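Heads up, the thing below is written out as structure tokens.
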Amino acid sequence: MYKILTLNAVSEEGLERLPGGQYEDTADCRDPDAILVRSCDMHDMLIPESV
């Protein structure tokens with residue numbers, strides 16, 4: 001199962017476009033496989049090696 005870090009409020013309609021049962025979305029993840037962003041300042045963010 002893939003772990004997706006969501007940095008802000010991503011609509012359920014948007015999340016439904018991802019393959020069901022293959023991912024877990026969370027706002028608190030230290031080693032995500034991907035980052036899903038609607039609108040967020042990421043300039044000072046350290047991107048984990050797992051991404």
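The values are calculated or read from the model by the stated rules, or taken from the named source; none is laboratory data. Keep in mind that what you see is a predicted model, and the values were worked out from it rather than measured. Virtual Cβ from ideal backbone geometry, glycine too; neighbours counted across all protein chains shown.
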Looking at this structure, is D41 surrounded by fewer than 10 Cβ atoms within 10 Å (Cβ to Cβ) and under 11 Å from the mean Cα position of the chain (by Cα)? no
Scanning segment 7-38 residue by residue, those surrounded by fewer than 10 Cβ atoms within 10 Å (Cβ to Cβ) and hydroxyl-bearing (S, T, Y) turn out to be S11
Across (1) modelled with pLDDT of 90 or more; (2) touching an Asp or Glu at 6+ places or on another chain (Cβ under 9 Å), P48 clears everything bar (1)
When segment 1-50 is checked residue by residue, the ones that are in a loop (DSSP other than H, G, I, E, B), among the basic types (K, R) and in contact (Cβ under 8 Å) with a residue 12 or more places away in the chain are R30, R38
